[in-house]
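Student: My structure is below; once you've seen it, I'll send some questions.
The values are calculated or read from the model by the stated rules, or taken from the named source; none is laboratory data. In this text the structure is predicted, and so the values were computed from the model without any measurement. Ideal geometry is used to build each Cβ from the backbone, glycine not excepted, and the neighbour counts take in all protein chains shown. Surface accessibility is based on the protein's heavy atoms, side chains included, excluding ligands, DNA and RNA. Shrake-Rupley method; radii C 1.70, N 1.55, O 1.52, S 1.80 Å.
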Amino acid sequence: MITELCLFLKKHHIYIIICAVFLAYTLGTFGFYHERTLQGDLNNHILAGDMWGAPAELKKHGLEPLYRGEGQTGWDGQFYYYMANDIFALKDTPLHIDAPAYRYQRIGLSLYTATVAKLLGKDWVSPTVFFASYLVLLLIATWMGARLFELAGVYPALILLWALGVGTQLTLFNALPDAAADAFLILAITAVHAKKYALAVVPFTFAVLSRE
């Protein structure tokens, strides 16, 4: 067992280092953001505003808006988070979304996090599960992207230009689906490169459902 672990570490050490850099930077940066902008409450990372309110079920779980006041719209991430708890729009969620038809066509990230929550045996998608599952998705994509680069003869650490980029970090921190779409696309390309075309359909579908 120990020998196999050592062989794995030796073979994949560059990917491990790259992912460690990603995690250290991301969690370190988010730590500052969490304590300042989010006021020490991870629930606030969806940046909800009073104008749209929150679905009744989420209010029961104690979800409160970060931005107070009737004119405070909050950020778009709140809508994708709400959708994760109402994938089929069967509850009052559409009443708390600015443009339901538009938002629901970008349901990829919401569907992914809802699936993870179900697999974990949760009866709802908490902001913590939403953030953690999103982080894991980006971590896996960083590993796979580094591997793809190496197979293509490109220095694998260059994947960090994406993983640590402002766009990727910002969308993770604020529950937006853009980085998720990139991550799903990386996973899809990885499957195609491995000639696992049927498997590639799944991440390709999630990628399409996460972009406009």
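Student: Among the residues of region 131-158, what is the count of those that are touching a helix residue (DSSP H, G or I) at 6+ places or on another chain (Cβ under 7 Å) and at positive phi?
Tutor: Here the count works out to 0.
Student: Check residue 185 against each of (1) under 18 Å from the mean Cα position of the chain (by Cα); (2) within 29 Å of residue 32 (Cα to Cα) and name the one condition it does not meet.
Tutor: (2)
Student: Residues that are open to solvent by 40 Å² or more (accessible area, probe 1.4 Å), within 21 Å of residue 15 (Cα to Cα) and β-branched (Val, Ile, Thr): does region 113-135 have at least one? Before the answer, list the steps.
Tutor: Start the filter on region 113-135 by keeping residues that are open to solvent by 40 Å² or more (accessible area, probe 1.4 Å), which leaves 115, 118-124, 128, 132.
Then keep just the ones that are within 21 Å of residue 15 (Cα to Cα); that gives 132.
Now narrow it down to the ones that are β-branched (Val, Ile, Thr): none.
No, every residue in region 113-135 fails to be open to solvent by 40 Å² or more (accessible area, probe 1.4 Å), within 21 Å of residue 15 (Cα to Cα) and β-branched (Val, Ile, Thr).
Student: With 48, 101, 24, 117 as the choices, which residue is in contact with a strand residue (DSSP E or B) (Cβ under 6 Å, 6 or more places away or on another chain) and not aromatic (Phe, Trp, Tyr)? Explain how you work it out, then say what you get.
Tutor: Working: 101 fails: in contact with a strand residue (DSSP E or B) (Cβ under 6 Å, 6 or more places away or on another chain); 24 fails: in contact with a strand residue (DSSP E or B) (Cβ under 6 Å, 6 or more places away or on another chain); 117 fails: in contact with a strand residue (DSSP E or B) (Cβ under 6 Å, 6 or more places away or on another chain).
Result of the check over 48, 101, 24, 117: 48.
Student: Further, regarding this structure: May I ask you to list the residues in region 153-175 that are of a type in the set (A, V, I, L, M, F, W, C) and out of contact with any His (no Cβ under 8 Å at 6 or more places or on another chain)? Outline the logic, then answer.
Tutor: To start, the set of residues in region 153-175 that are of a type in the set (A, V, I, L, M, F, W, C) comprises 154, 157-164, 166, 170, 172-173, 175.
Within region 153-175, 154, 157, 158, 159, 160, 161, 162, 163, 164, 166, 170, 172 meet the criteria.
Student: Answer yes if at least one residue in region 57-65 is over 21 Å from residue 177 (Cα atoms), surrounded by 11 or more Cβ atoms within 10 Å (Cβ to Cβ) and either touching a residue at least 60 places away in the same chain (Cβ under 8 Å) or hydroxyl-bearing (Ser, Thr, Tyr) (or both), and no otherwise.
Tutor: Step one: of region 57-65, the residues over 21 Å from residue 177 (Cα atoms) are 57, 59-62, 64.
When the remaining residues are screened for being surrounded by 11 or more Cβ atoms within 10 Å (Cβ to Cβ), the result is 57, 59, 61, 64.
Now drop any that are not either touching a residue at least 60 places away in the same chain (Cβ under 8 Å) or hydroxyl-bearing (Ser, Thr, Tyr) (or both), which leaves 57, 61.
There is at least one residue in region 57-65 that is over 21 Å from residue 177 (Cα atoms), surrounded by 11 or more Cβ atoms within 10 Å (Cβ to Cβ) and either touching a residue at least 60 places away in the same chain (Cβ under 8 Å) or hydroxyl-bearing (Ser, Thr, Tyr) (or both).
Student: OK, next. Taking region 66-80, which residues are touching a residue at least 40 places away in the same chain (Cβ under 8 Å) and open to solvent by less than 30 Å² (accessible area, probe 1.4 Å)? Before you say what the answer is, go through the steps one by one.
Tutor: Within region 66-80, the first condition is being touching a residue at least 40 places away in the same chain (Cβ under 8 Å), and the residues that meet it are 75-78, 80.
Answer for region 66-80, where residues must be touching a residue at least 40 places away in the same chain (Cβ under 8 Å) and open to solvent by less than 30 Å² (accessible area, probe 1.4 Å): 77, 78, 80.
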